[in-house]
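The structure appears below as structure tokens.
What follows is calculated from the coordinates using simple rules that are stated; it is not laboratory data. Computed from a predicted structure; not experimentally measured. As a convention, Cβ positions derive from the backbone with ideal geometry for all residues, glycine included, and neighbour counts pool all protein chains shown.
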Amino acid sequence: MAAAGRVLVYGGRGALGSQCVQYFKARNWWVASIDLAENEDASANVVVRTTESFPEQAEQVTAEIEKLLGEEKVDAILCVAGGWAGGSAKAKSLYKNCDLMWKQSVWTSTISSHLATKHLKEGGLLTLTGAQAALSGTPGMIGYGMAKGAVHQLCQSLAGTNSGLPSGSAAVAVLPVTLDTPANRKSMPDADFSSWTSLEFIAETFYDWITGKNRPNSGSLIQVITTGGKTELVPAHL
């Protein structure tokens with residue numbers, strides 16, 4: 001039975017990435033995961049080698065995806081890699097955390113963008129993961145805010161003419177507040193979980209956008225706001 005569609009999930013072993021892999025596989029899609037470790041549920045895996053050199057990591061992933069796909073194009077590339085680290089400009093961990101945030105969010109988003117120029121179908125979708133908090137200052141999480149702000153800027157750049165993306169394709173960033181993941185529940189056990197967004201909702205939203213339902217314009221920064229267990233998608237206007 002032929003696959004219903006083809007998608008790359010960058011960060012496919014993380015909480016949101018694993019949910020995306022499962023969601024699309026359940027709908028008979030071919031799904032490749034790109035991450036530091038394999039996702040056994042995926043149709044194929046590219047394991048990213050840890051390195052301090054961005055060009056080295058980017059070239060490795062690019063070469064392996066090229067080898068995996070050949071001339072085949074994909075319907076979507078979902079960049080859901082990322083992480084969180086706090087700290088003000090005074091924090092001892094500032095340099096380390098800025099470096100980590102850059103690697104987790106900016107490296108992955110940049111590689112995903114380049115992969116989209118080579119392997120995304122015309123009319124395809126690239127999603128990047130920003131953060132609602134980074135629409136304004138983040139004094140208590142400097143590195144995180146800078147990295148996510150860079151992702152927002154990248155998304156807007158990709159929407160411009162001559163960005164390199166295929167004809168009719170769209171780059172859209174999702175800007176969650178807090179995702180309902182096991183790690184977040186463990187680190188914030190007393191939080192109001194009804195204001196957290198379910199991973200299933202995000203995966204479903206991606207599916208809708210890929211299949212042409214309510215897809216935002218390219219360059220859109222879409223805030224994901226959950227209140228009382230109900231989630232809304234709200235475009236940010238900078």
Inset, instruction - Estimate the FRET efficiency between D208 and L238 by the formula 1/(1 + (r/R0)^6), using the beta-carbon distance for r and 25 Å for R0, to the nearest 0.05. - result: 0.55
Inset, instruction - Could you list which residues have their amide H under 5 Å from that of D180, counting only those 5 or more apart in sequence or on another chain, with H placed in the peptide plane? - result: T197, S198, L199
Legend entry - Percent RCO, i.e. relative contact order, over the chain, from Cα pairs under 8 Å lying at least 6 residues apart: 17 percent
Inset, instruction - Along Cα→Cβ, 7 Å out, is where each label goes; now give me the distance between the ones at S157 and K186 in nm to one decimal. - result: 3.5 nm
Legend entry - region 1-65 and region 103-143: distance between their alpha carbon centers, rounded to Å: 16 Å
Inset, instruction - Report, to the nearest 10°, how far helix 54-69 tilts away from the longest principal axis of the Cα atoms in the chain, using its own Cα long axis and a range of 0 to 90°. - result: 30 degrees
Inset, instruction - With a/c under 1.5 counting as rounded, go ahead and sort region 140-225 into rounded, prolate or oblate using the C-alpha gyration tensor (a ≥ b ≥ c being the square roots of the eigenvalues; past the cut-off, prolate if a/b is larger than b/c, else oblate). - result: oblate
Legend entry - Residues of type lysines that K103 reaches as a straight line, Cα spacing below 30 Å, ignoring anything fewer than 8 places off in the same chain: K25, K67, K73, K90, K92, K118, K121, K148, K186
Legend entry - Sparse-neighbour loop sites [GluC sites (Glu not before Pro); region 41-111; at most 11 other C-beta within 10 Å; DSSP]: E52, E71, E72
Inset, instruction - For helix 15-26, report the angle its Cα long axis makes with the longest principal axis of the Cα atoms of the chain; keep it between 0 and 90° and round to the nearest 10°. - result: 30 degrees
Legend entry - In order through region 87-100: 3J(HN,Hα) via Karplus (6.51 cos²θ - 1.76 cosθ + 1.60), integer Hz, x for Gly, Pro: x, 7, 5, 8, 4, 4, 8, 3, 5, 4, 6, 4, 4, 4
Legend entry - Residue-averaged 222 nm ellipticity for the chain, from DSSP H runs of 4+ at -39500 (n - 2.57), nearest 500: -11000 deg cm²/dmol
Inset, instruction - Output ³J(HN,Hα) for region 2-10: one whole-Hz value per residue in order, computed from phi by the Karplus curve 6.51 cos²θ - 1.76 cosθ + 1.60 with θ = phi - 60°, and x for Gly and Pro. - result: 5, 5, 5, x, 9, 9, 9, 10, 8
Legend entry - Highest to lowest packing among 172-180, 137-145, 113-121, scored as the average C-beta count within 10 Å: 172-180, 113-121, 137-145
Inset, instruction - Assuming R0 = 45 Å, can you tell me the calculated FRET efficiency for the pair A2 and S88, based on Cβ-Cβ distance, to the nearest 0.05? - result: 0.30
